[in-house]
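Peer 1: I'd like to ask you about the structure that follows.
The values are calculated or read from the model by the stated rules, or taken from the named source; none is laboratory data. Since the structure is predicted, the reported quantities are computational estimates derived from the model, not experimental observations. Here the Cβ is made from the backbone with ideal geometry for all residues, glycine too, and neighbour counts use every protein chain on show.
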Amino acid sequence: MVSAAAVLPYATAQRIGSRSHQCDATAVAEFEGTIAHVLLDGMGCSAEIAQWTRATARQLAATAARLGDADAALRQVHAAAAAEPGRDKHWQTMPRAVAVVAVFRPGTLVQIAWCGDARAYRRGLDGVVRRITDDHNARQDALERGRPGGDRSKVLSFLGDPRPSPRFGARTEPAEGLFLLISDGGYEPLEALGCDLWVHLLGPLDEVADDMAAFAAVGPDADNATVVVIDLSPDHQPPHPGAHRA
């Protein structure tokens with residue numbers, strides 16, 4: 001059975017910005033000691049997109065916790081979304097979302113998988129913040145080719161894309177430190193101002209998440225901003241299956 005409860009300390013925060021609907025979504029699920037955290041950023045802005053994104057986030061979290069495999073879960077949920085009726089002809093007008101998922105399995109490395117431009121970061125025990133993900137967008141493609149420019153809003157990978165050869169990313173990280181999942185509405189304003197993420201990842205979890213989201217979602221063109229912060233410090237390691245929980 002998949003539970004909505006998780007044993008790792010974490011906090012989430014969202015701001016709607018200047019949008020009419022909150023089309024980002026987060027979800028967390030636990031299955032036999034494996035914990036999955038998910039952040040989805042819906043593409044577009046409508047009540048339909050918001051509803052689809054929330055349901056898909058819950059589905060992805062439950063699948064990732066049950067499988068214990070971030071990459072396999074992302075691919076499975078993507079395939080289901082891409083097979084929805086009408087996707088083959090109307091995918092550009094149907095709900096879509098970029099995604100990042102983190103899977104925490106006791107005694108193993110943390111798995112991160114993603115599609116699109118939602119990001120994951122880790123602040124290690126040395127205090128250094130490292131970006132885990134690479135964006136799947138035209139700006140990143142231009143950078144990799146050594147060319148200037150590239151439209152960051154042109155996303156090249158997302159859940160619900162029925163076209164062949166979808167692009168996914170997957171990496172593993174040490175099971176220690178602080179993990180951050182964040183939508184582009186959260187990190188883009190910080191990057192534009194040259195803010196140091198390390199400064200924004202200090203303090204109690206709920207304050208960290210809320211302050212980051214509130215800082216990002218300011219201004220007439222502010223996007224939805226969503227932040228998930230997960231604490232995997234030595235004192236907060238998930239118990240092994242069957243271990244006693246106080």
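Peer 1: Could you please find all residues in segment 121-141 being at pLDDT 90 or above, charged (D, E, K, R) and surrounded by fewer than 16 Cβ atoms within 10 Å (Cβ to Cβ)?
Peer 2: D126, R130, R131, D134 - these are the residues of segment 121-141 that are at pLDDT 90 or above, charged (D, E, K, R) and surrounded by fewer than 16 Cβ atoms within 10 Å (Cβ to Cβ).
Peer 1: To continue, here is another question. Report, ordered by the first and then the second residue, all pairs with beta carbons closer than 6 Å, sequence separation of six or more or different chains, a first member in segment 74-95 that is in a loop (DSSP other than H, G, I, E, B), and a second member that is surrounded by 15 or more Cβ atoms within 10 Å (Cβ to Cβ) and modelled with pLDDT under 95.
Peer 2: Hits for this filter: W91/P162.
Peer 1: Right, another one. Being buried (at least 17 other Cβ atoms within 10 Å of the Cβ), among the β-branched types (V, I, T), touching a Gly at 6+ places or on another chain (Cβ under 7 Å) and at pLDDT 95 or above is true for just one of T12, T63, T26, T53. Which residue is that?
Peer 2: Matching residue, one of T12, T63, T26, T53: T53.
Peer 1: When you scan segment 159-176, do you find a residue that is without any contact (Cβ under 8 Å) to a residue 24 or more places away in the chain and in contact with a helix residue (DSSP H, G or I) (Cβ under 8 Å, 6 or more places away or on another chain), even just one?
Peer 2: Among the residues of segment 159-176, not one is without any contact (Cβ under 8 Å) to a residue 24 or more places away in the chain and in contact with a helix residue (DSSP H, G or I) (Cβ under 8 Å, 6 or more places away or on another chain), which makes the answer no.
Peer 1: Could you tell me which of the residues A11, A61 is in a helix (DSSP H, G or I), aliphatic (A, V, I, L, M) and on the phi < 0 side of the Ramachandran plot?
Peer 2: Exactly one of A11, A61 is in a helix (DSSP H, G or I), aliphatic (A, V, I, L, M) and on the phi < 0 side of the Ramachandran plot, namely A61.
Peer 1: Looking for something farther than 25 Å from D223 by Cα, among the acidic types (D, E) and at pLDDT below 95 - is there at least one such residue anywhere in segment 157-166?
Peer 2: No, because not a single residue in segment 157-166 is farther than 25 Å from D223 by Cα, among the acidic types (D, E) and at pLDDT below 95.
Peer 1: To continue, here is another question. Just for segment 203-235: of the residues that are over 22 Å from D117 (Cα atoms) and touching a strand residue (DSSP E or B) at 6+ places or on another chain (Cβ under 9 Å), which one is modelled with the lowest pLDDT?
Peer 2: For segment 203-235, the residue satisfying everything is S233.
Peer 1: Among the residues of segment 14-58, which ones are β-branched (V, I, T) and not in a strand (DSSP E or B)?
Peer 2: I16, I49, T53, T56
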